[in-house]
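Input: a single structure, listed below in structure tokens.
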2 protein chains.
Amino acid sequence: MNLVILDPGELSAGGKVRLSGPRAAHLLQVLRVKDGQTVRVGVLNGALGAATVRSVGDETVDLTCVLDARPPRPQRVDLLLAVPRPKVMRRLWAQLAALGVRRIILTNAERVERPYFDTHVLTPQCYRPLLIEGLQQARDTLLPAVSIHRRFKVLIEDELDVIDEGAGLRLVADPDAGPSVSEIVSARLGPEPEARVLLAIGPEGGWNAFELGLLQAHRFHHVGMGSRTLRTDTACLALLALVRDALPRPA
Amino acid sequence: MNLVILDPGELSAGGKVRLSGPRAAHLLQVLRVKDGQTVRVGVLNGALGAATVRSVGDETVDLTCVLDARPPRPQRVDLLLAVPRPKVMRRLWAQLAALGVRRIILTNAERVERPYFDTHVLTPQCYRPLLIEGLQQARDTLLPAVSIHRRFKVLIEDELDVIDEGAGLRLVADPDAGPSVSEIVSARLGPEPEARVLLAIGPEGGWNAFELGLLQAHRFHHVGMGSRTLRTDTACLALLALVRDALPRPA
């Protein structure tokens, strides 16, 4: 944990907060904080700052926070992901937040098994703490937005332009495709530092022909990643790293 | 499983083999193979080919293999990794093999906890099947070499040039460093398609100043990955993706 994230409601006037639970346990047992020590804090979807440890209990830590740094810059990569196996999805949440995904759009596809939609892993009770864990790792406060879509065709034809605000370069990972992420991004995206990318990653068995066709008809450009077939989670992290690296740098 | 990997000793004359255990279970339960069907096969550290399913038992599958395709091209990326927590290391093995790491060099560092070296996760009994799982995912047959080094200084000063065969561009991931992987690789590596890279990734808390200095004194160039602090496994996969993407493509 490289940043303690607070809910806005937790802070009293004067920036005081008493932590208990996992955050206090981490501060006490892993970071072994002492009175007077300073730790990095941030408010969820808000500003960053520093906190002084005022007192340490058996299972609580009292902090006084000064939130004088601006919120982090909004992320620029959205992910459209065919729902993977629950075990894989559980592992991905924190990593997606840590890698700076702005919006996670989960979708059905022919090769997504129906029971995947009914698991605990897709409930906010499960994924919200995992996303916050990823933000705390990466020192970000901006919680990725999550939406879940059981109808692929409706999502792509009707909903995506609204969710996506019509902007951004759309990419779909395709094991057979030629051009690399960096080639497509540099050819298609101008140098503006606000440029956004929406990256689509299919199910373990791949998109079917209809799905690929529909994505292509809705401005998704195919990008390849060489000849190796990767597991969904490995492919996700690898492609997100390539997209982030290819984006024009903010000044 | 996109490729069934066989041990050379398993094949009888005429390319016949009877599979049982996990590979048979996967063919029967996930791929639901039938008599006469063809599946991709490869010999560990050897050739690729195809196999015809001759007969299917309750828990066995009989194959006849024709191994007429050349072995995959040797990989060009080696990884020097400070041993992470056992849980993280267990997850990484298959992903490192899937991403095409040629050699995995595990090392001690100040911020590696001693008990990490004594876990089951660092034994060939544990990691070999996981590496093969990764190869089967990525359709490769070349098993990454693994070596484990408890003395960082001895590794860097004395052993690395032998292991590394003196070749290749050396990179060390550093959250504070400026240039990106692609900038360093394109500036430092010629266009030769055999060019190799050795990527060093530190422990969760980072290398200490002595360790970073020693790496730098032994030709490791610092590369950055932006301002986000990532977990070891996320950083590993992200950086490996960037290195693979930055390497000159074979003709």
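For chain B, the longest principal axis of the alpha carbon atoms and the long axis of helix B:86-98 meet at an angle near 70°. Only aspartates and glutamates eight or more places from B:K16 in sequence, or on another chain, were considered; those with a Cα closer than 16 Å are B:D7, B:D35, B:D62, B:D68. Excluding same-chain residues fewer than 8 positions from A:K153, which lysines have a Cα within less than 22 Å of its Cα? Candidates past the 8-residue exclusion: nothing left. What FRET efficiency, computed as 1/(1 + (r/R0)^6) with R0 = 35 Å and r the Cβ-Cβ distance, is obtained for A:I163 and B:S186, rounded to the nearest 0.05? My answer for the efficiency is 0.45. Restricting the GluC sites (Glu not before Pro) of segment A:154-238 to loop positions (DSSP other than H, G, I, E, B) with no more than 14 neighbouring Cβ atoms within 10 Å leaves A:E165, A:E194. Between B:R196 and B:G168, B:L169, the built amide H atoms are under 5 Å apart, and every one of these is 5 or more places off in sequence or on another chain. By definition, a body whose alpha carbon gyration tensor gives a ≥ b ≥ c is prolate when a/c is 1.5 or more and a/b is larger than b/c, and segment B:4-69 fits this prolate description.
A straight Cα-to-Cα reach below 19 Å connects A:K87 with the aspartates and glutamates A:E113, A:D118, A:E133, A:E204, A:D233, B:E133, B:D233, residues fewer than 8 places away in its own chain not being considered.
Close amide H pairs (under 5 Å, H built 1.01 Å from N) link B:N2 with B:Q137, B:R139, residues at least 5 positions away or on another chain. What angle do you read, to the nearest 10 degrees and between 0 and 90, between the alpha-carbon axis of helix A:124-138 and the longest principal axis of chain A? Helix A:124-138 and the main axis of chain A meet at about 80 degrees.
Counting Cβ atoms of other protein chains within 10 Å of each residue's Cβ and taking the mean over peptide B:222-233 gives 5.
Converting phi to 3J(HN,Hα) with the Karplus coefficients 6.51, -1.76 and 1.60 and the offset θ = phi - 60°, segment B:171-176 yields 10, 10, 6, 9, x, 8 Hz in sequence order, with x at every glycine or proline.
Over all directions, the projected convex hull of the C-alpha atoms in segment A:191-251 averages 4.9 nm² in area. Inter-chain Cβ neighbour count for B:239-249, averaged per residue, equals 4 (cutoff 10 Å, partner chain atoms only).
If R0 equals 35 Å, the separation of the Cβ atoms of A:K16 and B:D118 corresponds to a calculated FRET efficiency of about 0.20. Calculated [222 nm] ellipticity per residue, helices only, for chain B: -8000 deg cm²/dmol; basis is -39500 (n - 2.57) per DSSP H run with n ≥ 4, divided by all residues, nearest 500. Here's how it looks for B:L81: its modeled amide H is under 5 Å from those of B:I105, B:L106, B:T107, B:I201, which are all 5 or more places away or on a different chain.
For A:D161, the distances from its label point to the matching points in the remaining copies are 6.4 nm, ordered from shortest, with each point set 7 Å beyond Cα toward Cβ. Relative to the other identical copies, A:Q125 shows label-point distances of 4.0 nm, where the label point lies 7 Å from Cα along the Cβ direction and values run shortest first.
Sort segment A:77-246 into rounded, prolate or oblate with this rule: let a ≥ b ≥ c be the square roots of the eigenvalues of the Cα gyration tensor; rounded if a/c is under 1.5, and if a/c is not under 1.5, prolate when a/b is larger than b/c, oblate otherwise. Note, shape of segment A:77-246 comes out rounded.
Cα centroids of segment B:46-75 and segment A:153-187: how far apart, whole angstrom? Here the answer is 37 Å between Cα centres.
The mean sequence separation of alpha-carbon pairs under 8 Å and at least six residues apart, normalised by the residue count of segment B:4-69, gives a relative contact order of 37 percent.
A short reminder: the numbers here are calculations on the coordinates, not readings from a lab. The structure presented is a predicted model; accordingly, all values stated were derived computationally and were not measured. For neighbour counting, all protein chains shown are included, and Cβ atoms are generated from backbone atoms with ideal geometry for every residue, glycine included.
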